[in-house]
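Structure first, then comments.
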Amino acid sequence: MSLKNDEQSKPKPKPKPQPTTTKKEEENFSDNSEIKDLLSCEAIDFSKLQDLIFQGIERKDSKYRPVVWKLLLGYLPLASNKWEGHLENERKKYESLTDKFISERQRQFSFSKQDTVVKMRNEKYHEGNVSLSHLTGAMSKKMSTKQEEEKLKLEQKLKNVEIQILKDIGRTKLLTDFLENETDEKLQHQVNRSIFNLLFLYSRTSFTGYVQGMNDILVPLYFVFFNDPDPEQRKWAEHDTYYCFSLLLKELSDLFCRDLDSSLSGIQSRSKKVSTIVGAYRPQVSDKLAENDIEPDFYLVPWISAIFSQLFPFESLVCIWDFMFADKGHFKFINYICASMVVSLSEQIIGSDFLMLMNILQNFPKDYSVKLLIAKAKQIQIFMKNEKKAKKGSQKEKQKKIKQRQLKKENKIKKDLQVKFLKEKKSEEKRIQIEEKEKQKLLSEQKLLTFQLSPSKKKTSNTKILTKEQQKIEKRERRLKKKRDAKIKKEKLQREKESRIQQKKLLKQQKLIEKQKKKEQREREKHERELKKKREQAMKNVSSDPKYSKSRKSRKNRK
């Protein structure tokens, strides 16, 4: 990896052998000559750009990578005619930030040689801490306000941040590889100076501050912009890196916040997701790891926290990051790359014991083909999407079956009511027919009585008989009418009672459904409130605790 400018012409180190790829692997990567045409448009289609880059950037198109990354991270606007003005404004802002936060003492640091940096870390900063403690002791006698105490605490905190950043710069793998192969002291100084400025400025301007591991993410970004083929853009590499680094860590901030490790986007939940993906795609591998009590955090935390920068050489790492930035799932492709790495070692994992497994997982082969790794990650992504669709389909089928059962029950109830209604109607019709027949009988009896009695003889006695018979008939009619009315009333009351019972049943069912919905909604709201509280608590802890960066040293085990 050569990071020299065009004007310098010193002997280059021998390039490392690139991993060979098969024809099948190369078929997964398209010839992205369309990138140039897309970037030359006045209004760039962001979705189309993501789709293009997700197919892979070939080596001949790598010169477009700096611009593509700036677009994918949201640093550059999609309207190309606004790029010049936007970049000019942002670079001026960065200059003002350096003037504000980088002190004169820090500007005098020498990064020309590696041994100088080591010396500064071990001696000069030790002296700086001693002088500061002497200063605090002298000022503590005259101290009268809390502002002076806070000022001294802030100075001590900034000193500790400086020490930590300089230590981490010396431990950054990609940077040490560059410094070993680079002989130009001016270039060494320029690169080290830029990386120190970027990390220190980020610690002063972000709410999380500096956390160990951020250096591993910054260096690849800086080298991509430092290697820009356009010399006009190359000289602004430090300025552009700052904004792209800030935008990248906005998406991945939960990886560097201890209180949010168990949140949905935290590092623990990511490692759990990876283990579930591996379990679904290769159950034998996950079973083997579970048998040996190997938790996913043991090997996935260093992979994810540094975003693979400690595992692969620069050329391979940049290709992986192309896919990571172009992913439409907001950096979810990291999970599939991790799963692909575990699956690619499945043959070695299945036939190994605990110690061998830990060695295999912590030492992933650096010469492994990136194209093969990405192709496998895409296969796993498609597989998991199909699995989700199948699960959703099965859930929908269950819901359909439940709805069908409910409809069947309702239809049965309706049919029963209809049958009852028809039966009642038939019974009423029969009763009416019987009543009509009885009336006809009574009328016929009256006619017979009137015919039998002559009008001339025994007129008075006949009238008496007639009146008696009429009274009997009337009594009989009243009796029948009462019975009929009582029966109708009774049946009416029974129907009303049954309808009320049925309505109560339906209302109960509706209330149960509503209660269940409200309960689910309350649980969702409760879950959201808990997550919000956690985030707010994390923000408070970060902003209130002055020794927060010091406590982050415990995250060394992630490396």
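The values are calculated or read from the model by the stated rules, or taken from the named source; none is laboratory data. Because the structure is a prediction, the values reported are computed rather than measured. Backbone-built Cβ (ideal geometry, glycine too); neighbour counts: all protein chains shown. For the accessible areas, the whole protein counts, side chains as well, though only heavy atoms, and no ligand, DNA or RNA atoms are used. Shrake-Rupley method; radii C 1.70, N 1.55, O 1.52, S 1.80 Å.
The residue list Glu410, Glu387, Glu436 contains one member that is loosely packed, with under 12 Cβ neighbours inside 10 Å, of a type outside the set (Ser, Thr, Tyr) and part of a helix (DSSP H, G or I), which is Glu436.
For (1) touching a strand residue (DSSP E or B) at 6+ places or on another chain (Cβ under 9 Å); (2) modelled with pLDDT of 50 or more; (3) open to solvent by 50 Å² or more (accessible area, probe 1.4 Å); (4) among the charged types (D, E, K, R), each residue gets a yes or a no:
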{"residue": "Glu25", "(1), (2), (3), (4)": "no, no, no, yes"}
{"residue": "Phe29", "(1), (2), (3), (4)": "no, no, no, no"}
{"residue": "Glu34", "(1), (2), (3), (4)": "no, yes, yes, yes"}
{"residue": "Cys41", "(1), (2), (3), (4)": "no, yes, yes, no"}
{"residue": "Ile44", "(1), (2), (3), (4)": "yes, yes, no, no"}
{"residue": "Arg59", "(1), (2), (3), (4)": "no, yes, yes, yes"}
{"residue": "Trp69", "(1), (2), (3), (4)": "no, yes, no, no"}
{"residue": "Glu84", "(1), (2), (3), (4)": "no, yes, yes, yes"}
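Note on region 234-268: among residues that are at pLDDT below 85 and not in a helix (DSSP H, G or I), the one that is most open to solvent (accessible area, probe 1.4 Å) is Leu264.
In the set Tyr210, Tyr125, which member is surrounded by 19 or more Cβ atoms within 10 Å (Cβ to Cβ) and either aromatic (Phe, Trp, Tyr) or at pLDDT below 80 (or both)? Walk me through how you get there before you give the answer.
Values: Tyr125 fails: surrounded by 19 or more Cβ atoms within 10 Å (Cβ to Cβ).
So the residue among Tyr210, Tyr125 that is surrounded by 19 or more Cβ atoms within 10 Å (Cβ to Cβ) and either aromatic (Phe, Trp, Tyr) or at pLDDT below 80 (or both) is Tyr210.
Taking the numbered list (1) surrounded by fewer than 20 Cβ atoms within 10 Å (Cβ to Cβ); (2) under 20 Å from Leu248 (Cα atoms) in turn, Asn197 passes all entries but (1). Residue count for region 166-192 under the criterion of being within 35 Å of the chain's Cα centre (by Cα) and of a type in the set (Ser, Thr, Tyr): the result is 2.
Okay, residues lined up against (1) in contact with a Leu (Cβ under 8 Å, 6 or more places away or on another chain); (2) farther than 21 Å from Ile267 by Cβ:
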site: Ile320; (1), (2): yes, no
site: Tyr336; (1), (2): no, no
site: Val343; (1), (2): no, no
site: Ile350; (1), (2): no, yes
site: Leu355; (1), (2): no, yes
site: Asn359; (1), (2): no, yes
site: Phe364; (1), (2): yes, no
site: Gln379; (1), (2): no, yes
site: Lys385; (1), (2): no, yes
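Please report, ordered by residue number, the helices (runs of 4 or more DSSP H) entirely within region 269-359 with at least 3 residues that are modelled with pLDDT of 90 or more, of a type outside the set (Val, Ile, Thr) and open to solvent by less than 10 Å² (accessible area, probe 1.4 Å).
Details: elements: 283-291, 297-305, 314-326, 333-344, 346-350.
Once the helices (runs of 4 or more DSSP H) in region 269-359 are filtered for at least 3 residues that are modelled with pLDDT of 90 or more, of a type outside the set (Val, Ile, Thr) and open to solvent by less than 10 Å² (accessible area, probe 1.4 Å), what remains is 314-326, 333-344.
Looking only at region 220-233, decide whether some residue is open to solvent by 20 Å² or more (accessible area, probe 1.4 Å), farther than 22 Å from Val301 by Cβ, in a helix (DSSP H, G or I) and touching a residue at least 12 places away in the same chain (Cβ under 8 Å).
So in region 220-233, the residues open to solvent by 20 Å² or more (accessible area, probe 1.4 Å) come out as 227, 229-233.
From what is left, the residues that are farther than 22 Å from Val301 by Cβ are 227, 229-233.
Of the ones still in play, those that are also in a helix (DSSP H, G or I) are 231-233.
Imposing the further condition that a residue be touching a residue at least 12 places away in the same chain (Cβ under 8 Å) reduces the set to 231, 233.
Yes, some residue in region 220-233 is open to solvent by 20 Å² or more (accessible area, probe 1.4 Å), farther than 22 Å from Val301 by Cβ, in a helix (DSSP H, G or I) and touching a residue at least 12 places away in the same chain (Cβ under 8 Å).
Residues in region 360-384 that are of a type in the set (A, V, I, L, M, F, W, C), within 24 Å of Glu58 (Cβ to Cβ) and open to solvent by less than 80 Å² (accessible area, probe 1.4 Å): Val370, Leu372, Leu373, Ile374, Ala375, Ala377, Ile380.
The residue list Asp216, Asp228 contains one member that is at pLDDT 85 or above, among the charged types (D, E, K, R) and within 21 Å of Phe331 (Cα to Cα), which is Asp216.
Just the residues that are open to solvent by 30 Å² or more (accessible area, probe 1.4 Å) and in contact with a helix residue (DSSP H, G or I) (Cβ under 8 Å, 6 or more places away or on another chain), please, taken from region 140-157. Full working, then the answer.
The initial filter retains those residues of region 140-157 that are open to solvent by 30 Å² or more (accessible area, probe 1.4 Å), namely 140-151, 153-157.
Across region 140-157, the qualifying residues are Met143, Glu148, Glu155, Gln156, Lys157.
Would you say Arg91 is modelled with pLDDT of 90 or more, under 30 Å from Asn197 (Cα atoms) and either open to solvent by 70 Å² or more (accessible area, probe 1.4 Å) or over 32 Å from the mean Cα position of the chain (by Cα) (or both)? Give the derivation first.
Numbers: modelled with pLDDT of 90 or more: yes; under 30 Å from Asn197 (Cα atoms): yes; either open to solvent by 70 Å² or more (accessible area, probe 1.4 Å) or over 32 Å from the mean Cα position of the chain (by Cα) (or both): yes.
Yes; evaluated as a whole, the condition is true for this residue.
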